[in-house]
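J.: Here you go, one structure.
The values are calculated or read from the model by the stated rules, or taken from the named source; none is laboratory data. The model shown is predicted, which means the values in this text are computed figures rather than measured ones. For neighbour counting, all protein chains shown are included, and Cβ atoms are generated from backbone atoms with ideal geometry for every residue, glycine included.
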Amino acid sequence: MLNRCHLIKIYKILSPVFVVVIAWKCLSWLLLLLKGVIFPAPEDVAREFVGYLQGSPIFGHSLAGQTLATIKRWLLGYLLGTLTGLVVGLLCAISEWLAMAFYPVILMLQMVPGLAWIPVAILVVGIGPETSIFMIALATLPPVTIGLMEGIRGVPPEYLYVSRMCGDTAFRRFFMTQLPSALPSVMTGMRLALANSWRVVVAAEMVVGTGVGLGYVILQSRWDMNYEAAFVCIGVIVFLGIVTERWGFGHLEKYTVKRWGMLNE
Amino acid sequence: MNKGEVLLEHVTLSWMGGDEGRLPVLDDLALHIKAREFVCILGPSGCGKTTLLHLIAGFQRPSSGRIVVSGKEVLGPGPERAMVFQHSALFPWFTVAGNIGYGLRHGDRGRIKELLRLVGLDEFADVHPHQLSGGMRQKVSLARALALEPDVLLMDEPFAAIDTFNRERLQDELLRIREAMGCTIVFVTHNIQEAVYLSDRTIVLSQRPAKITLEQEVDLSFPRSRTDRALWEISQKLYARCGCCTENANNDPQLQLEKRKVE
């Protein structure tokens, strides 16, 4: 039996989808009516999507292949950026001198739009899959470092008093007190980095000719007038973004900061 | 000098910076606390009571003068001077047992159990602090401090944010635990009744820069009764003397202005 609770849950998931589909359908009608433009309607895109699921290729690869290529690229770049960001953040947190030198640089990096790195990336690593990984890493790094630094700076003084009173070494204090206390801020940084990196991965694939990936498909579909394919790819990107952000981070938070009551639900 | 004895000699503290340059907080404070004595420090808010505790704990250094605890000059924080904070300052990422055992090397399970029993929280060992009530959190904070086996226990308005009934229960438990542990206790509060009920001696500080304006022995045996006549009389005396607040109010230009407006 469905009770009220289940119905609300179903409504919560389906109603935004419904809003998107209706708005989309209206848009395609309007464009056809006013400008005579053939704009792919939801059902056309759905048909195309089913076709891809059944195995018809887009631009030389299956949809799964294109998606996996993007995920792989994104994951490598994101992990690389996060790790570097954490290391830089740790160094800055340990030494006030390093922080003075490097933190402003990170703040500057934060201000550079992801796509502005294209010439730099091409000069540094050339054109290839590494280019987008490099760009993704650059877009991921600053928010992670900033999250860690702000988290460490925001540790309540009482926590430090307790640690000193208990006779902690600086090493133990860092890992048992400062780092866990900074965790909510680190996670916020990683979430921001996630959004940044998604934006960059697709854009980088468009510009830096990679030959495979969702961004590449979106760009190519423009020349082929195969707009349905572009819409399918956008849908996949949105879906993956929501899954990693909501589900991935949701779980990470559930077992750490939420369980410890450090976040207000 | 005995273990647990606290000595403050000409302790002065000023904050640096601001437009005024130096802001004096504590002014030439001298205080001697005997081993195992329970001293309450009373004073208006913002007068530097907490700062005084921080100095004894070693979180801050005085601008001049010296503080000696158990015969050793205080140069920094240490487990022999354990603090219970106003807002418990428990680590949310550790369980109750983890918090109590934080200062214990090798996380001695037996000792943690003992302390949990002492504060009456046996069943809450594996619970995270945010799931506890304010009063329970303060008990955990107390247990964490006691785990360090301090010579001196410093308590910074530990029961200020707790409702009256629970506060009185916590006060009684503190007195019971004091009997069991036998450390010196310096207890900061702004509640006169609390100070008189708990302490062997109550010290009243003035507005900033803080000076000791009154030392009141509370020469009554434990266990005490809150409705005891002698206790009440001491409280009254302190109320009269803490009238410093009303005196100051008369000198306060802002208040005088408002009074004139009313007239």
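J.: Go through A:LEU83, A:LEU123, A:LEU53, A:LEU63 for me and flag whichever is in the same structural domain as A:VAL232 (by TED's automatic domain parsing) and modelled with pLDDT of 90 or more.
T.: A:LEU83
J.: Moving to a separate point now. Looking at (1) modelled with pLDDT under 90; (2) more than 23 Å from A:GLN66 (Cβ to Cβ); (3) assigned to a helix (DSSP H, G or I), find the lone condition where A:LEU2 falls short.
T.: Just one mismatch for A:LEU2, condition (3).
J.: Of the residues in region B:50-61, how many are surrounded by fewer than 21 Cβ atoms within 10 Å (Cβ to Cβ) and in a helix (DSSP H, G or I)?
T.: Final tally of qualifying residues: 3.
A quick yes/no check of all residues on (1) of a type in the set (Ser, Thr, Tyr); (2) outside the structural domain of A:LEU76 (by TED's automatic domain parsing); (3) modelled with pLDDT under 90:
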{"site": "A:ILE106", "(1), (2), (3)": "no, no, no"}
{"site": "A:ILE118", "(1), (2), (3)": "no, no, yes"}
{"site": "A:ALA137", "(1), (2), (3)": "no, no, no"}
{"site": "A:PRO142", "(1), (2), (3)": "no, no, no"}
{"site": "A:LEU148", "(1), (2), (3)": "no, no, no"}
{"site": "A:TYR161", "(1), (2), (3)": "yes, no, no"}
{"site": "A:MET165", "(1), (2), (3)": "no, no, no"}
{"site": "A:ARG173", "(1), (2), (3)": "no, no, no"}
{"site": "A:SER181", "(1), (2), (3)": "yes, no, no"}
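J.: Here's a follow-up. Failed condition for A:MET165, given (1) surrounded by fewer than 22 Cβ atoms within 10 Å (Cβ to Cβ); (2) farther than 15 Å from A:VAL87 by Cα; (3) not acidic (Asp, Glu), with all others met?
T.: A:MET165 satisfies every listed condition except (1).
J.: Looking at this structure, is A:ILE71 surrounded by 13 or more Cβ atoms within 10 Å (Cβ to Cβ), among the β-branched types (Val, Ile, Thr), touching a Leu at 6+ places or on another chain (Cβ under 9 Å) and in a helix (DSSP H, G or I)?
T.: When the stated conditions are applied, A:ILE71 passes them.
J.: When only residues in region B:62-81 that are of a type in the set (A, V, I, L, M) and part of a strand (DSSP E or B) count, which is farthest from the other protein chains (Cβ to nearest Cβ)?
T.: B:VAL68
J.: Kindly indicate which of B:ARG111, B:ARG66 is surrounded by fewer than 23 Cβ atoms within 10 Å (Cβ to Cβ), touching a strand residue (DSSP E or B) at 6+ places or on another chain (Cβ under 7 Å) and not polar (S, T, N, Q).
T.: Criteria check complete, one pass: B:ARG66.
J.: Additional query: With (1) within 13 Å of chain A (Cβ to nearest Cβ); (2) of a type in the set (A, V, I, L, M, F, W, C); (3) touching a Ser or Thr at 6+ places or on another chain (Cβ under 8 Å); (4) under 21 Å from B:LEU53 (Cα atoms) as the list, and B:ALA160 as the residue in question, which single condition is left unmet?
T.: (1)
J.: Continuing with this model, one more query. Among the candidates B:PHE38, B:PHE94, B:PHE59, which residue alone is within 14 Å of the chain's Cα centre (by Cα) and either within 14 Å of chain A (Cβ to nearest Cβ) or not polar (S, T, N, Q) (or both)?
T.: The unique qualifying residue is B:PHE38.
J.: Could I ask something else about it? Can you say whether A:ALA203 is within 11 Å of the chain's Cα centre (by Cα) and in a helix (DSSP H, G or I), as far as the supplied structure shows?
T.: No: the conditions fail for A:ALA203.
J.: What is the number of the single condition among (1) within 8 Å of chain A (Cβ to nearest Cβ); (2) of a type in the set (A, V, I, L, M, F, W, C); (3) more than 16 Å from the chain's Cα centre (by Cα) that B:ALA89 does not meet?
T.: (3)
J.: Could you tell me which residue of region A:228-265 is farthest from the other protein chains (Cβ to nearest Cβ), considering only residues that are hydroxyl-bearing (Ser, Thr, Tyr) and in a helix (DSSP H, G or I)?
T.: If we take residues in region A:228-265 being hydroxyl-bearing (Ser, Thr, Tyr) and in a helix (DSSP H, G or I), then A:THR244 is farthest from the other protein chains (Cβ to nearest Cβ).
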